[in-house]
Amino acid sequence: MEQMSIFESQVTRPLAERLRPKTLEEYVGQTHLLGEGKVLRRLIESDNVSSMIFWGPPGIGKTTLARIIAGKTKAEFIDFSAVTSGIKEIRAVMQQAENNRRYGEKTIVFVDEIHRFNKAQQDAFLPFVEKGSIILIGATTENPSFEVNGALLSRCKVFVLQALSISEIVKLLERAISDPKGFGNQQVNIQSDMLEAIAVFANGDARTALSTLEMVILNGETDDNTVTVTKETLQQCTSKKSLLYDKSGEEHYNLISALHKSMRNSDPDAAVYWLARMLEAGEDPLYIARRVTRFASEDIGLADPRALEIAVAAYQACHFIGMPECTVHLTEAVVYMSMVPKSNSLYLAYEYAKKDALTQLSEPVPLVIRNGVTKLMKELNYGKGYQYAHDTDDKLTDMQCLPDSLLDREYYKPTEQGVEGKFKKRLTEIKEWKKKNK
């Protein structure tokens, strides 16, 4: 049992720490991994965890989940920080784990922020993971494909943890208000739409949500044992105006729809207004950037191929810089999308092709465009008659690439909008050449 020192008992620990879940039943979120019957839950409950890495954004419970495992396992659990530990500390822990193994005891080593370790430090774990001296559990906010040693990564199962939903964070906030470990010993008056505003502001981060709730309650209006939180207090503590999304989340989708349709209707003023409404209400700029990137191909496409480049650049700028500086990058992207010619031909092309793909799943790939990489495949005429377009004067062939049943299908139907007019002309020339040389 964890004990507090005489000094700690005199200082109130942060709300997020006081409410840290101790069991899977108290844990909120990650139902895709920890719901009844899900693989990670079964591994934890059976005390049969293997080396793994938890990958996900900050404040979603990676460290908490590791501590829950520590409470369930019969193995020795060593909590290890990549921020404060070096090679010397790693070797000491590995020696301790090796000694445990010789006595038939398992050792689980949890490494928080494993991406902060350099290659040499990560390599120090590798031989002990390989021979089973330790079970390694790492936590990272960065893509482990790029930040974790490949040899080490191949020996770990990666579990992707997701940002908490607004409803999950609201559930946490309600628990914080009612739980004696939180504010359950006093009367707190706070409207449900304020809790949802905090959840939106937290952007999937439980720690941020609980810290914000703690701040607004501590700064609330006190009368006897009752605390009342006003919208003015909430605004001051979040530096946000009270542009609250409704409880069902409908307003969230209404606003992104308004932005999308304003850009489609070539109305930059309306588009920038809805962009500002979303950002000032606490919307994640990366979410908006992703939707703008989708718009660049769905509603503009080859009418202006640069639209996708600008959308992706805006996303990267948001990722590198963050709020509030990235507002101008999103504004640039949104205004550009509003002003350029529009075409939905790429969107329609895929939808037409998808319909055929789903209803004709068994259509074989024509032999002529199969890759005959083995002797048997060549004997079965894989690739026989293949024509290499680069070997021809016109860089074109009359080779059949669609299945027989779809031979005359036309999915991509370019418009005359913007640059796409050039693509339409080129496609017409290609089809005329193929018809002439068939």
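The values are calculated or read from the model by the stated rules, or taken from the named source; none is laboratory data. Computed from a prediction, not measured in an experiment: that's the story for all the values here. For neighbour counting, all protein chains shown are included, and Cβ atoms are generated from backbone atoms with ideal geometry for every residue, glycine included. Accessible surface areas use protein heavy atoms only, side chains included; no ligands, DNA or RNA. Shrake-Rupley method; radii C 1.70, N 1.55, O 1.52, S 1.80 Å.
Are there any pairs with C-beta distances below 8 angstrom linking a residue in the range 30-56 that is of a type in the set (Phe, Trp, Tyr) to a residue that is modelled with pLDDT of 90 or more and surrounded by fewer than 17 Cβ atoms within 10 Å (Cβ to Cβ), with the two at least 6 apart or on different chains, and if so which?
TRP55/VAL158; TRP55/VAL160
If we keep just the residues of the range 145-160 that are in contact with a helix residue (DSSP H, G or I) (Cβ under 8 Å, 6 or more places away or on another chain) and within 13 Å of ASN118 (Cα to Cα), which is most open to solvent (accessible area, probe 1.4 Å)?
Looking at residues that are in contact with a helix residue (DSSP H, G or I) (Cβ under 8 Å, 6 or more places away or on another chain) and within 13 Å of ASN118 (Cα to Cα), I get GLU147.
Take the range 420-438 and flag every residue that is open to solvent by less than 60 Å² (accessible area, probe 1.4 Å) and either touching a helix residue (DSSP H, G or I) at 6+ places or on another chain (Cβ under 8 Å) or of a type in the set (S, T, N, Q) (or both).
Across the range 420-438, the qualifying residue is only GLU420.
Any residue in the range 138-165 that's among the basic types (Lys, Arg): show its pairings with residues that are in a helix (DSSP H, G or I) at Cβ separation under 7 Å, as long as the two are six or more apart or on different chains.
ARG155/VAL129; ARG155/GLU130
Regarding ILE114, is this residue at pLDDT 85 or above, within 21 Å of LYS22 (Cβ to Cβ) and among the aliphatic types (A, V, I, L, M)? Write out each step before concluding.
Details: at pLDDT 85 or above: yes; within 21 Å of LYS22 (Cβ to Cβ): no; among the aliphatic types (A, V, I, L, M): yes.
No, not satisfied.
Quick one: count up the residues across the range 21-40 that are open to solvent by less than 60 Å² (accessible area, probe 1.4 Å) and in a loop (DSSP other than H, G, I, E, B).
So the answer is 9.
Given the residues PRO341, PRO366, which is the only one that is of a type outside the set (Asp, Glu) and over 36 Å from the mean Cα position of the chain (by Cα)?
PRO366
Of everything in the range 329-366, what is modelled with pLDDT of 90 or more and hydrophobic (A, V, I, L, M, F, W, C)? Give them in sequence order.
If the condition is that a residue be modelled with pLDDT of 90 or more and hydrophobic (A, V, I, L, M, F, W, C), then LEU330, ALA333, VAL334, VAL335, MET337, MET339, VAL340, LEU346, LEU348, ALA349, ALA353 are the ones that fit.
Which fully enclosed helices (runs of 4 or more DSSP H) of the range 115-227 have 2 or more residues being aromatic (Phe, Trp, Tyr)?
So the answer is 119-130.
Within the range 401-419, can you find the residues that are of a type in the set (S, T, N, Q) and surrounded by 14 or more Cβ atoms within 10 Å (Cβ to Cβ)?
Hits for the range 401-419 are THR415, GLN417.
Might you let me know whether the range 403-412 holds any residue that is touching a residue at least 60 places away in the same chain (Cβ under 8 Å) and either farther than 13 Å from GLY301 by Cα or in a helix (DSSP H, G or I) (or both)?
yes
Just a yes or no: is a residue in the range 60-70 under 24 Å from LEU164 (Cβ atoms) and touching a Ser or Thr at 6+ places or on another chain (Cβ under 7 Å)?
Yes, the range 60-70 has at least one match.
Identify the single condition in (1) under 21 Å from the mean Cα position of the chain (by Cα); (2) open to solvent by 60 Å² or more (accessible area, probe 1.4 Å) that ASP269 does not satisfy, given that it satisfies every other one.
All conditions pass for ASP269, except number (1).
Provide a single number: the residues in the range 384-399 that are open to solvent by 60 Å² or more (accessible area, probe 1.4 Å) and in a loop (DSSP other than H, G, I, E, B).
8
Consider VAL227 carefully, then state whether it is touching a strand residue (DSSP E or B) at 6+ places or on another chain (Cβ under 9 Å) and surrounded by 15 or more Cβ atoms within 10 Å (Cβ to Cβ).
So VAL227 passes the test.
If TRP433 meets every condition in (1) in contact (Cβ under 8 Å) with a residue 40 or more places away in the chain; (2) farther than 30 Å from TRP274 by Cα; (3) touching an Asp or Glu at 6+ places or on another chain (Cβ under 7 Å) apart from one, which number is that one?
Exception for TRP433: condition (1).
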